[in-house]
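See structure below.
The values are calculated or read from the model by the stated rules, or taken from the named source; none is laboratory data. Small disclaimer: the values here were computed from a predicted structure and weren't measured. Quick note on the areas: whole protein, heavy atoms, side chains included, nothing else; ligands and nucleic acids left out. Shrake-Rupley method; radii C 1.70, N 1.55, O 1.52, S 1.80 Å.
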Amino acid sequence: MIALGIDSGTQSTKTIALDCETGEILASAAQAHGLIEELPPGHLEQEPKVWTDAVEATVQEVLKKLGRRRTG
C-alpha cells in the first residue's frame, strides 16, 4: 500500500508517497509559500488559497512521479 503524507506549514507545502510495507519514500514534491506584499510594517499574512493550491499541486506532482505504481 502507498500512503501520501502532506506537511503544509507557513513557508512551504511538502507531499511524499510512502511505501507502507518497506518505509521507502517513492516520490516527493514541495512548493514554497510567499507572504502578501505591501502590508504595513510588522504585518505578515498569507492567502489561504496559496496553501490549498500548493497541496493540490504537490499531490498531483507526486502522483505523476508515481506513474503506474499508484494503481498497484
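What the table below lists for this structure:
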quantity	calculated
Per-region count, the stretch 5-20, residues modelled with pLDDT of 95 or more and open to solvent by 70 Å² or more (accessible area, probe 1.4 Å)	3
Residues of the stretch 21-47 that turn out to be open to solvent by less than 80 Å² (accessible area, probe 1.4 Å) and either outside any strand (DSSP E or B) or over 23 Å from ILE6 (Cα atoms) (or both), as a count	7
